[in-house]
1. Stokes-Einstein at 37 °C, 0.692 mPa s, Kirkwood radius from Cα pairs: D for region 15-96 in µm² s⁻¹?
2. So if each residue of separation counts as 0.36 nm, and I subtract the Cα-Cα distance between residue 78 and residue 93, what length gain in nm does that give?
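Derivation of every value follows stated rules applied to the coordinates shown; laboratory data play no part. Every value quoted in this text rests on a predicted model; they were computed, and no experiment measured them.
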């Protein structure tokens with residue numbers, strides 16, 4: 001989630017995660033799961049997105065620095081460093097899934 005009107009997420013492009021060895025993994029958009037057609041109060045807003053990391057979690061190595069790149073409409077992707085503690089938490093939560 002970003003600040004309203006600061007950037008619009010390009011949901012047609014995958015989120016990319018790149019480790020320090022240059023390995024690139026992608027996560028597909030899953031935003032439709034957070035926006036409901038059942039009420040008028042939920043509508044896709046350009047600054048909110050959700051991506052499915054579950055298929056790639058097992059490929060993430062905690063010991064390797066990771067960079068997340070979020071695709072933005074009409075601009076370069078926004079890149080953010082991902083602390084290893086986040087990867088650990090994502091993998092721990094994934095193990096709790098039935």
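1. For the chosen part, D equals 232 µm²/s.
2. Taking residue 78 through residue 93 to full extension adds about 2.9 nm, to one decimal.
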